[in-house]
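Below is one structure; the comments refer to it alone.
The values are calculated or read from the model by the stated rules, or taken from the named source; none is laboratory data. Here the structure is a predicted model, which means the values were calculated and not measured. For neighbour counting, all protein chains shown are included, and Cβ atoms are generated from backbone atoms with ideal geometry for every residue, glycine included. When the accessible area is computed, the model is the full protein with side chains, heavy atoms only, and any ligands, DNA or RNA have been set aside. Shrake-Rupley method; radii C 1.70, N 1.55, O 1.52, S 1.80 Å.
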Amino acid sequence: MCSPENPTDCSFTGAEPEPPPAGEPAVTLRDIATFHPAPHEYTAEPAGWAVLDLPANAVADAPTVTRSGSLFSRPVDVRFHPVAYRWVYSDGGTVGSTDPGATWADLGQREFTATPTSHVYRSKGEHTARLDVVYVAEYRFDGSVWRWIDGTLTIRGMPQPVLVGEFDTVLVTGPCTTHPDSPGCG
């Protein structure tokens, strides 16, 4: 199973790799290094802050990316498919997943509930978090059939600031008597 801790096991369900035709070079990840996707940020819930000892949710926004250019003096398209995600936290925590995660609303969950991509900060203060994305890649010359490239490519994200603090109260959408499922109620 694919995981950010062991990306060599990553695979993408798609067309079977087809060997290049005679006379066409085999393309490697090293050959397409200049085509790589840009680092991706992620959506944090809450955005830019977290409550000490409560789950903070993380959602990756790393779509399939296609880049065009020239390789071996030929027009080429290179397509990158995300297959794994790794959130790295400055407090030493990491969360790895083959799923990009989802917002609490999309999951039908209350805010500050644990998700497969959430993280709990155990110390207050200024922290950072980043998203690393593992991709598989495929290429095609001159609009020909897509061919897979062996291996995976990990794009390291840029750290995003997270302010972690203790809170005695949380803003709610109204009185707890009429909105008992709101954060801070119940």
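Annotation: of all residues in region 132-143 being out of contact with any His (no Cβ under 8 Å at 6 or more places or on another chain) and open to solvent by less than 40 Å² (accessible area, probe 1.4 Å), the one that is farthest from residue 61 (Cα to Cα) is 141. The criterion of being among the aliphatic types (A, V, I, L, M) and over 24 Å from residue 108 (Cβ atoms) does not hold for residue 59.
To keep it simple, each residue is scored yes or no on (1) open to solvent by less than 20 Å² (accessible area, probe 1.4 Å); (2) at pLDDT below 95; (3) in contact with a helix residue (DSSP H, G or I) (Cβ under 9 Å, 6 or more places away or on another chain).
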{"position": "107", "(1), (2), (3)": "no, no, no"}
{"position": "126", "(1), (2), (3)": "no, no, no"}
{"position": "130", "(1), (2), (3)": "no, no, no"}
{"position": "147", "(1), (2), (3)": "yes, yes, no"}
{"position": "151", "(1), (2), (3)": "no, yes, yes"}
{"position": "166", "(1), (2), (3)": "no, yes, no"}
{"position": "173", "(1), (2), (3)": "no, yes, no"}
{"position": "181", "(1), (2), (3)": "no, yes, no"}
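Is it fair to say residue 103 is under 11 Å from residue 60 (Cα atoms), surrounded by fewer than 18 Cβ atoms within 10 Å (Cβ to Cβ) and modelled with pLDDT of 95 or more? Here the answer is yes, as residue 103 does meet what is asked.
Name the single residue, out of those in region 66-94 being β-branched (Val, Ile, Thr) and open to solvent by less than 20 Å² (accessible area, probe 1.4 Å), that is nearest to residue 44 (Cα to Cα).
Step one: list which residues in region 66-94 are β-branched (Val, Ile, Thr), which gives 66, 76, 78, 83, 88, 94.
Filter once more, so that each one left must be open to solvent by less than 20 Å² (accessible area, probe 1.4 Å): 76, 78, 83.
Numbers: 76: 35, 78: 29, 83: 20 Å.
In this case the residue turns out to be 83.
Among the residues of region 19-30, those identified as open to solvent by less than 70 Å² (accessible area, probe 1.4 Å) and within 24 Å of the chain's Cα centre (by Cα) are 28, 29.
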